[in-house]
């Protein structure tokens with residue numbers, strides 16, 4: 001019973017210590033384990049199954065827009081990484097270097113890809129000749145490495161899993177459209193599937209991707225009031241094309257540079273789901289992403305007919321839901337805690353008395369609401385309950401975000417909100433990096449994005465008082 | 001028209017130069033491209049889509065047997081790699097070493113995983129406590145790196161994609177069963193999906209995996225008579241468990257070592273499909289693995305109604321088949337060659353005269369057989385044709401293998417067959433590594449496996465004349 005002991009130790013409450021609560025949940029919901037490789041994690045079956053569902057949903061959406069999957073090498077020769085000046089400056093300090101292959105020292109160092117712009121550019125330079133070859137809409141699913149100093153499971157680790165899309169277009173306009181299209185796909189996916197509302201906007205120059213002309217982002221608010229960048233989409237214009245010589249012959253037979261984009265989402269989304277929806281009993285998974293949606297827990301399972309009926313119920317549900325029966329020899333109370341810790345959206349309790357009445361008890365993970373359901377209409381009811389849960393999880397997350405989004409018109413207000421209340425602060429900004437730097441130094445908050453939905457809150461910058469150029473969402477961030 | 005030019009250059013015929021034919025096909029069917037990273041390839045959309053189908057089919061079969069997916073770090077600390085003596089000896093000479101992270105030299109070198117036994121063992125040592133934790137049936141999809149000197153697309157490259165399953169069991173018997181179960185899954189997959197017959201057997205000690213007690217293998221015969229190891233399944237016994245201290249408390253409360261297995265299949269399967277089924281017009285894909293199964297090619301597509309009818313036909317077929325219309329402005333003849341080069345199993349030709357007669361022409365890629373099909377029964381007919389094609393591709397490959405499998409009773413016969421005819425040679429063997437070494441040196445052939453289906457061909461070893469212990473399949477191999 002070593003395992004039972006482990007789980008019944010209460011997890012730290014999020015009000016007491018949010019960081020510890022997070023660590024407890026990732027461990028006790030069995031999403032990850034630490035590994036012997038410093039800063040790298042083992043993603044366990046319960047965690048990886050969430051990633052598989054994220055992959056399935058995103059991949060389908062990508063392919064509907066014409067994207068094709070490819071696979072590039074995991075290594076980048078140093079000379080290739082150095083071809084685009086801003087890009088190498090941004091990434092070189094945090095890459096892992098391979099210096100030996102087998103028993104020999106390499107003639108040129110190879111870095112393990114931190115991102116693959118340079119490889120895709122090198123490939124496109126050979127691949128693209130004419131306007132007929134455009135657009136190229138490629139994506140890859142892989143792992144990347146960034147040598148971070150401080151790491152946290154899912155949120156920041158030296159190796160993480162992601163997808164990276166890389167496209168090449170004939171015109172600047174098409175590249176811009178693709179950048180926006182992918183950001184919208186990301187945002188819709190977060191809201192529809194992860195029940196996580198996001199702010200769509202553009203990064204300031206200080207915060208944009210190394211080598212990009214413009215970076216678009218979706219920003220979500222975690223339960224503790226910190227922001228999490230949840231997906232980004234970059235418009236490179238023709239900067240990389242010029243550095244790598246990616247040209248095509250247009251219809252008038254003139255040589256032109258292509259315009260490029262890249263866009264990515266990572267396993268950090270799993271961290272986001274934990275911190276947006278989790279509670280003091282553990283993980284709460286939105287039904288659409290949950291690897292197991294329904295756990296049937298037999299009550300008094302040794303009584304004749306109970307396990308058989310539970311199995312019969314599973315068979316009724318399995319064509320429409322991801323459903324399991326927990327027929328282990330643990331107590332029902334223990335099974336309840338375990339199902340709650342793992343965030344399984346609903347459990348169905350089924351005992352001899354229920355069977356007598358031809359009913360079962362359906363319990364929602366998020367609200368604990370119990371519904372007595374006739375076994376004759378269990379399929380319809382479970383579908384309704386899961387749908388309602390998915391919808392209400394999004395609504396609750398949105399309410400939480402609204403409640404923790406404040407307007408600051410003066411620098412004093414700004415500092416007070418960041419210090420006392422956490423959450424997003426909306427303020428006007430002059431466009432000057434000096435103000436971003438000052439705010440970061442003095443408050444710890446960074447500019448999250450200039451949202452597409454701009455509001456005119458004031459005429460002047462919240463920091464320096466000069467004329468304002470844009471409204472910005474600010475916040476402390478993961 | 002630069003692209004048209006490229007394709008119409010005939011590919012080298014396989015009879016003239018099989019290796020060049022192979023290289024031409026992988027390039028011209030647009031499966032891969034070479035990269036700036038020596039020994040690594042870019043897997044292009046047409047190649048990666050085959051891998052996605054392989055993944056889907058295998059993953060489903062794995063999960064049906066209780067396997068769960070996980071993700072381990074891509075790095076292995078040198079001290080961890082060294083824990084199992086045979087294993088490190090086998091792999092250390094061919095791994096890539098990371099020595100620097102960011103700007104700092106690492107305290108301990110990390111190798112990029114060539115395979116992940118050591119990581120799984122390290123993980124299992126922490127994870128497994130009691131018999132209740134067993135079995136562990138984990139798999140991961142990832143890329144691995146082996147610093148090969150000579151490389152060929154799909155067959156041998158410094159980085160390749162694969163799955164690696166790693167299981168831990170309470171008893172030696174269970175580990176043996178799992179090793180055999182996975183080998184059978186691999187063999188069935190090759191025959192049912194890839195239409196590729198395989199010989200199931202056990203590797204000799206000389207050829208087994210570094211650290212394994214027993215390695216089982218499936219061996220396929222390529223069109224040129226060379227063998228290709230297509231999947232392996234290893235029984236580790238408790239060797240790794242002892243090296244890593246992986247113990248569990250059994251029902252009698254005694255400490256026991258676990259018994260382990262691992263098994264893997266790689267992107268080299270794509271190379272196998274090319275070399276088993278391809279012909280002098282390019283790739284030939286078995287229908288069950290083909291990313292596009294049906295290509296509709298409109299004839300005289302500028303005539304009113306042709307493209308509309310082609311699109312209507314696509315809509316009829318799309319719910320049951322992976323189907324596309326080629327409505328590009330190339331000539332029909334060009335489109336035919338392209339469809340053939342890419343190995344798309346059937347094309348449907350549809351022109352004004354066909355439309356008038358309410359029919360279309362279905363052409364099989366492998367036999368070029370044309371069938372005139374009424375548009376009213378096109379769904380049924382296409383299904384029949386694809387099924388027949390799948391079945392006949394397997395039969396043809398099996399006939400080819402039978403024709404190129406010879407028995408050698410004397411060493412003279414053995415040498416002659418290997419030199420003149422290529423293919424598999426079946427011979428008796430004494431069990432001594434000295435004979436394997438002699439045969440390899442003198443003929444270039446290696447022992448492929450001791451097949452599960454043993455035959456008694458003679459009493460003595462084909463090489464040394466001592467009493468025979470087993471029948472062995474020999475051959476030159478990729």
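The values are calculated or read from the model by the stated rules, or taken from the named source; none is laboratory data. Please read these numbers as outputs of a predicted model, since none were measured by experiment. A quick note on method: Cβ atoms are made from the backbone with ideal geometry, for glycine too, and the neighbour counts reach across all protein chains shown.
Check segment B:230-248 and report whether any residue there is under 20 Å from residue B:274 (Cβ atoms) and crowded, with 22+ Cβ neighbours inside 10 Å.
yes
Pick out the one residue from A:211, A:231, A:239 that is over 24 Å from residue A:287 (Cβ atoms), touching a helix residue (DSSP H, G or I) at 6+ places or on another chain (Cβ under 6 Å) and away from chain B (no Cβ under 14 Å). Let's see the steps before the verdict.
Numbers: A:231 fails: over 24 Å from residue A:287 (Cβ atoms); A:239 fails: touching a helix residue (DSSP H, G or I) at 6+ places or on another chain (Cβ under 6 Å).
Testing whether each residue is over 24 Å from residue A:287 (Cβ atoms), touching a helix residue (DSSP H, G or I) at 6+ places or on another chain (Cβ under 6 Å) and away from chain B (no Cβ under 14 Å) leaves just A:211.
What pairs come up if the first residue lies in segment B:188-201 and is over 16 Å from residue B:275 (Cα atoms), the second is assigned to a strand (DSSP E or B), and their beta carbons are under 6 Å apart, counting only those six or more places apart or on different chains?
Close Cβ pairs (under 6 Å, with a partner that is assigned to a strand (DSSP E or B)) amount to B:199/B:219; B:199/B:451; B:199/B:473; B:200/B:218; B:201/B:449; B:201/B:450; B:201/B:451.
Name the helices (runs of 4 or more DSSP H) wholly within segment A:249-364 that hold at least 1 residues that are farther than 26 Å from residue A:31 by Cα?
Fully inside segment A:249-364 and qualifying: A:306-317, A:352-356.
Criterion first (in contact with a strand residue (DSSP E or B) (Cβ under 7 Å, 6 or more places away or on another chain), modelled with pLDDT of 95 or more, within 14 Å of another protein chain (Cβ to nearest Cβ) and assigned to a strand (DSSP E or B)) does residue B:163 satisfy it?
yes
Here is a yes/no grid of residues against (1) buried (at least 17 other Cβ atoms within 10 Å of the Cβ); (2) within 19 Å of residue B:276 (Cβ to Cβ):
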{"residue": "B:306", "(1), (2)": "yes, no"}
{"residue": "B:320", "(1), (2)": "no, no"}
{"residue": "B:339", "(1), (2)": "yes, no"}
{"residue": "B:343", "(1), (2)": "yes, yes"}
{"residue": "B:376", "(1), (2)": "no, no"}
{"residue": "B:391", "(1), (2)": "no, yes"}
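Restricting to segment B:104-123, name every residue that is within 23 Å of the chain's Cα centre (by Cα) and more than 23 Å from residue A:111 (Cα to Cα).
Selection gives B:117 alone.
Name, by its number, the condition in (1) in contact with a strand residue (DSSP E or B) (Cβ under 8 Å, 6 or more places away or on another chain); (2) part of a loop (DSSP other than H, G, I, E, B); (3) exposed (fewer than 13 other Cβ atoms within 10 Å of the Cβ) that does not hold for residue B:409.
The failed condition is (3).
Being within 14 Å of chain B (Cβ to nearest Cβ) and modelled with pLDDT under 95 is the filter here, so list the residues in segment A:1-34 that pass it.
A:1, A:2, A:3, A:4, A:5, A:6, A:7, A:34
Select from segment B:93-128 the residues that are part of a loop (DSSP other than H, G, I, E, B) and either surrounded by 24 or more Cβ atoms within 10 Å (Cβ to Cβ) or more than 7 Å from chain A (Cβ to nearest Cβ) (or both) and list them in ascending order.
Passing the criteria: B:95, B:113, B:114, B:115, B:116, B:128.
Would you be able to say whether some residue in segment B:360-368 is touching a helix residue (DSSP H, G or I) at 6+ places or on another chain (Cβ under 7 Å) and over 23 Å from residue B:284 (Cα atoms)? Let's see the steps before the verdict.
We begin by selecting, within segment B:360-368, every residue touching a helix residue (DSSP H, G or I) at 6+ places or on another chain (Cβ under 7 Å); these are B:360-362, B:364-366.
Pick out the ones that are also over 23 Å from residue B:284 (Cα atoms) and you get none.
No, the conditions are met nowhere in segment B:360-368.
Would you check which residues across segment A:35-58 are more than 8 Å from every other protein chain (Cβ to nearest Cβ) and out of contact with any helix residue (DSSP H, G or I) (no Cβ under 9 Å at 6 or more places or on another chain) and list them?
Selection gives A:38, A:39, A:46, A:53, A:55, A:56.
Considering only residues that are surrounded by fewer than 15 Cβ atoms within 10 Å (Cβ to Cβ) and either part of a loop (DSSP other than H, G, I, E, B) or without any contact (Cβ under 8 Å) to a residue 12 or more places away in the chain (or both), which ones fall in segment B:442-456?
B:444, B:452, B:453, B:454, B:455, B:456
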